[in-house]
Amino acid sequence: MENQVETKKILLVNQLKELETISQYLEELAGGWDLSVPFTMKLTLALEEAFTNIVNYGFQDDESHEIALVFEKQNNRLFISLIDDGIPYDPTLTTDPDINLSAEERKIGGLGIFLIRKMMDKVSYQRIGKNNVLKMEKTITPN
C-alpha cells in the first residue's frame with residue numbers, strides 16, 4: 001500500500017539501564033517490520049549514542065524523567081524521534097571532530113553525534129515547548 005504509515009512508541013526513563021530495553025525493542029521492531037540485521041545494527045548504535053547523551057548530559061537534577069522514542073515507518077523510510085524534557089540542547093550545531101587526529105589530540109565530545117550523522121540520512125533538532133526533539137531519518141535497505 002502506498003503511504004501506509006505505521007507508528008510505534010516506547011517510553012523510557014533517564015537511566016542507562018534502558019539501553020538494553022532499546023536494544024530489545026529494536027529487535028522486536030526489526031522482526032515486525034522486516035528490517036535487515038545490518039540496518040538494525042546501525043539504528044541501535046545511533047539510538048544508543050543519542051540516548052546516552054541525553055541521560056548523561058540532559059538533566060540538571062537526579063529526578064526521574066521520561067524519554068519517548070517514536071518510530072514511524074512510511075513506505076521505505078523510517079523516521080525516529082527522541083523526545084525529552086531536559087535542558088535545551090541542539091546536538092546538530094556541534095562541529096564534526098577531526099577524526100584524523102589521535103584520540104589523545106582530539107578534543108572531548110562530538111564523536112557521538114558525528115557517528116549518528118554518518119549512520120542516518122538526516123538528523124534534525126527542534127525545541128517544542130519544554131521538550132527537546134531529536135529527529136532522525138533513514139531509508140530502509142532491503143534484507
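Only the coordinates and a few stated rules stand behind these numbers; no lab work does. From a predicted model like this one, the values you see are computed outputs, not experimental measurements. Virtual Cβ from ideal backbone geometry, glycine too; neighbours counted across all protein chains shown.
Points to keep in mind about this one:
- Placing a pseudo-label 7 Å from each Cα along the Cα-to-Cβ vector at V70 and V5 gives an inter-label distance of 0.9 nm.
- Potential lengthening between D61 and N131 on full extension [0.36 nm per residue; Cα-Cα distance subtracted]: 23.6 nm
- Simple label model, 7 Å out from Cα along Cβ direction - L16 to D121, nm: 3.3 nm
- Rel. contact order, % - alpha carbon contacts under 8 angstrom, at least six apart, the chain: 28 percent
- Near R77, the amide H atoms lying under 5 Å from its own belong to I140; only residues 5 or more places off or on other chains count, and H is placed 1.01 Å from N.
- Over 18 Å apart at the Cα level, from the set K9/K118; K17/K135; K42/K118; K42/K130, are K9/K118; K17/K135; K42/K130.
- Note on L45/R77: beta-carbon distance plugged into 1/(1 + (r/R0)^6) with R0 of 25 Å gives a FRET efficiency of 0.85.
- Region 15-139 shape via C-alpha gyration tensor axes, a/c threshold 1.5: oblate
- Top of D84, D34, D61 by mean-square fluctuation, Gaussian network on the chain, Cα under 10 Å: D61
- Counted over region 1-75 with a bin width of 5 Å, the fraction of Cα pairs per bin, in whole percents, is 3, 14, 25, 23, 16, 10, 6, 3, 1, 0.
- Extension gain for T52 to D90 (0.36 nm times residue separation, less C-alpha to C-alpha distance): 12.2 nm.
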